[in-house]
Structures are given as C-alpha cells and as structure tokens.
Amino acid sequence: MTLGANLGLFIFGILLNMVGPLLPHMVADLNLTMTQAGTLYSMRGAGIIVAVLFAGVFSDILGRRKFILTGAVLWILGFLGFAVLSSPWLALVIWLIMGLGFGAVDTGLNSLVAEINEEKGAALNRLHFWFGLGAIVGPLVSQGLLTILPWQGVFVAAALLSLGFYAYMYRQTFPALQRPSSSPWANVRHVWSWRILLLSFIIMGYTGVGTALMGWMNTFLLERLGTAAWYASIVLALYSAGLAVGRLACGALAERLAYERLLFITATLSAAALATSLWAPNVIWAGVTFFLTGFFFAGLLPTSLATANRDFPQLAGTVTAVLITFGSIGRTIVPGAVGAAADAYCVSVGLQWLIVIVIAMAGAGWLLNWFRDEEPLEQ
C-alpha cells in the first residue's frame, strides 16, 4: 500500500509538471491565445480546490479507495480527452476534469499514508520526496517524448501511465474505516482549532511561495543577474533538487524532534536562505542558496500534514482536506501577487515580499512549538 502511494505521488508529480514543454505546441495547434492557455491552468486549479475539500471530508465516511480510484479514472479521461479534442472551450472542461482527478488523488494518498503509518512525519516526508522526484522527471520525459511523438501522443502516454496506477491500486486491500460519521461538515467543525489554523497558514504560505519561486525564478535571474536562460534553468533544477533532498532529511529527523519544533526550525532557516538567495551577487551564489532554500523549505508541507494527522488520527481525510484546500488558495493568490508587484516595480521586489510570508510561517511554527502541550490530542 505504501509502495502504491509513493508510486502514485511520483506519477502525480510527473503529470502535474509535464505540460511546460508541450504548451507551445498546444497553443499553435489549437490556435489558443495566451489568455486561453493560462485559463487552462486556472480551470485545473479550480478542479483541484473543489476535489481536495470534497474528497477529503467524504473519504472519512466512504473510504480512501473510492476517491483514489475515481481520481485515477478522471486522469485517464482527461488526458485522453485532451489528446483528441478540437475545441478550446471543450479544453476548459477537460482541464477541470483533470484538476478534479489531481485533487482526489492528492488528498486520498496523503490521507492514506497518514492513516497506515504510525511515524507520520517520516512517512509523509518520504511520500513527498517522490512527488519532488516526479516534478523533476516530468518535464524531461515530456520533452523526450516530443522527439518521437506529437504532443497528443504524450497525453496518451500520460493516460496509459494513469491506467497503470489505477490497475495497481485497484488490487490493493485498503484499511477499514476507523469511525463512521453521518456528517462530514461536523467533522470539519470538530477538527477546526487555532492549531489547524496555524498549520493551514503554513501550508498556504508554502504552496504560494513555492509556486511563485518556480514560476518567477528564471525571470528574476535574467533580470537581476543577466544570466543565460540555460543557467537560470539549472538554478531552478537545483531548487527542485533541494526540495527532494530536504524531504529525505526531514523524514529522518521527523520522529526525533517534535513536529512543531521541526516546523519552526525549518521555516526560520528557509527565511534566511531565501533572503540570501534574493540578494545573490552571482549565479553560483544563487544556485547554492536556492538549493538551500528548497532544502529547508521541503519539510514544511508534509510535516504540517503529519502534525494535523497526529492530532486527529481518525479524521485523516478531513484534516488533510482542510490543509490542502488552504494550500490551493495560496497557490492561486501568491504568484499573481508577485506578478502585480513585478508590474509595479520589478520582479526582484515582487519576490522579496515572499520573505515576509516565510517569516510569518516561522512565527506560526514558533506558536505551535511554544504551546504544543496546551491542547490534548484526540484519543
């Protein structure tokens, strides 16, 4: 089961990040405007937000299996549908379907791993290591397949990969539900507290800052340091590598330190590394410091999920849904805010305010660490 979950999030990372090399070909063949192409991402994001909340709160009642398998089916339908479509308007619907699939699989796998592992921090950090590896592999595989296939063929390959994941998980025996409930919204009210609010803020900041860095780092390096596009891409890859390595390190430390203490330490070091990165005098300095930013930043999301699931072990789906919903909001808002600041000033200024967000995340970690014994955990 754990192997299937790690495999699933690895595939999730590939599928979520494979589109970049395909986008110019999609725009040309479908006669899309840049606005229409951007709207595809927005529709996928909207689907993720809806599915995360719905799948999480209802999986505590209906089980993880239904939502993980349904998400895989939506992947298959979405990727196949987009490979054969002919209408930009139909494309919006299909990308919404793909987003629903991503949200259902993401929430289902995180909840499943939290449910079946006693060492939740270590298990969730290892799980998200595989997502990071998939995020690195995805664009490379996509670009490689483009040398022998049209972009539609790459989407068909993605559907076949999704089918393989569905077949594997279909054969697994999922754990029985620990506690029935008649109202998913009662579960949300039950878990909601100041601790969950602070953890939600950390995840919202993590996804927002991480998405903004992935989207704007190349432009920042070209503007500030005048680096070649190839070197800027190498720095971006180093940041992603830092995320992957950092999750392995946090996985090793998660069961030796209190989760709240680990959140405070890693958020504080992330703020310092990010500030150093944004004032880097040359590309080598930028590469090292952005790697360290990713390394320290890596454990914030899985450790936050582990903390919430430790507090409410019988409502893994609900707490995961609440936290990842806030993460989806951060992913939607923060990169756009950076763009607005870049239009008004420059990209460097737009990214510098991300430091404030990470400092606030460290403050949330400090509060969680300082008061971690104030509220009894759910038994």
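Every number here is computed from the coordinates shown, using simple stated rules; none is lab data. What you are looking at is a predicted structure, and each value in this text was computed from that prediction instead of being measured. Please note: Cβ atoms are built from the backbone with ideal geometry, for glycine as well, and neighbour counts cover all protein chains shown.
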Just from the alpha-carbon atoms, what are the Rg and Dmax of region 193-343 in angstroms?
-> 16.1, 52
Per DSSP loop assignment and a cutoff of at most 12 other beta carbons within 10 Å, the chain keeps its longest run without exposed trypsin sites (Lys or Arg not before Pro) at 1-170
Between residue 230 and residue 85, with labels modelled 7 Å along Cα→Cβ, what's the label distance in nm to one decimal, could you check?
-> 3.6 nm
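Quick one: putting +1 on the C-beta of Lys and Arg, -1 on the C-beta of Asp and Glu, what dipole do you get for the chain around its Cα centre, in Debye to the nearest 20?
Values: 17 positive and 15 negative charges, 73 e Å.
Its charge dipole is roughly 340 debye.
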So, with points 7 Å from each Cα along the Cβ direction, the residue 149-residue 167 label distance in nm works out to 1.5 nm
By the scheme Lys and Arg +1, Asp and Glu -1, what is the net charge of all other residues having a beta-carbon under 11 Å from that of residue 127?
-> +2
Stretched fully, the stretch from residue 284 through residue 61 gains (0.36 nm per residue minus C-alpha distance, one decimal, in nm) 75.2 nm
Separation between the residue 118 and residue 223 pseudo-spin-labels, each 7 Å from Cα along Cα→Cβ, expressed in nm?
-> 5.1 nm
Sparse-neighbourhood loop sites, chymotrypsin sites (Phe, Trp or Tyr not before Pro) in region 292-379 - DSSP loop, at most 12 other Cβ within 10 angstrom = 345
For region 2-171, just say rounded, prolate or oblate: build the C-alpha gyration tensor, square-root its eigenvalues into a ≥ b ≥ c, call rounded for a/c under 1.5, and beyond that prolate if a/b exceeds b/c, oblate if not.
-> prolate
Report the residue, chosen from 52, 356, 156, that carries the largest GNM mean-square fluctuation when the chain is represented by alpha-carbon nodes joined by springs under 10 Å.
-> 356
Take the Cα radius of gyration of the chain and divide it by 2.2 N^0.38 Å, with N its residue count; two decimals is plenty.
-> 0.95
